[in-house]
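The values are calculated or read from the model by the stated rules, or taken from the named source; none is laboratory data. It should be emphasised that the depicted structure is a prediction, and the values quoted were computed from it without experimental measurement. FYI the Cβ positions are ideal-geometry reconstructions off the backbone, even for glycines, and counts take in every protein chain you see. Each accessible area value is taken on the protein alone, full model and side chains, heavy atoms only, with ligands, DNA and RNA left out. Shrake-Rupley method; radii C 1.70, N 1.55, O 1.52, S 1.80 Å.
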Amino acid sequence: MNCYEHTLILRQDLAESQNKKLISKYEDIIKNNSGKIVKIEEWGFLNLARPIKNNKKGFYLHIKFEGIGKTIEELERAENIDDKLIRYLTVKVNKHDTETNYFAKKEVQINEKKK
């Protein structure tokens, strides 16, 4: 099986419950088509570089999974007809990096100078 990273951008006007339904829908598609999910990251709402389909923001979802060609075909077939998505992208990778979370909120440390 090959390793893939799949990023979805959901519309900004969807309720949280609709986001959860879409996440489980695409999880099921991957699992039902010989795929194995390694990690799911919800990156949250991020600004788009330019408006796409009248959306200035989107809810980003990143799925790391293992699968075969059929898995990708079925996943992208379902996404082509889903009007709740703005964009999606699938990238084949050599191996998964499950340690790094690029969009985790970082704490800002303030260094105070003592006089």
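Filtering the stretch 10-26 to residues that are exposed (fewer than 15 other Cβ atoms within 10 Å of the Cβ) and of a type in the set (Lys, Arg) leaves Lys20, Lys21, Lys25. Do you know which residues across the stretch 72-99 are closer than 17 Å to Tyr60 by Cβ and open to solvent by less than 50 Å² (accessible area, probe 1.4 Å)? Within the stretch 72-99, Leu75, Glu79, Asp82, Leu85, Ile86, Thr90 qualify. Taking every residue in the stretch 20-31 that is in contact (Cβ under 8 Å) with a residue 60 or more places away in the chain and pairing it with any residue that is in a helix (DSSP H, G or I) and loosely packed, with under 13 Cβ neighbours inside 10 Å, at least 6 positions away or on another chain, yields no pair with a Cβ-Cβ distance below 8 Å. Residue count for the stretch 27-71 satisfying the condition of being open to solvent by 80 Å² or more (accessible area, probe 1.4 Å), outside any loop (DSSP other than H, G, I, E, B) and not charged (D, E, K, R): 5.
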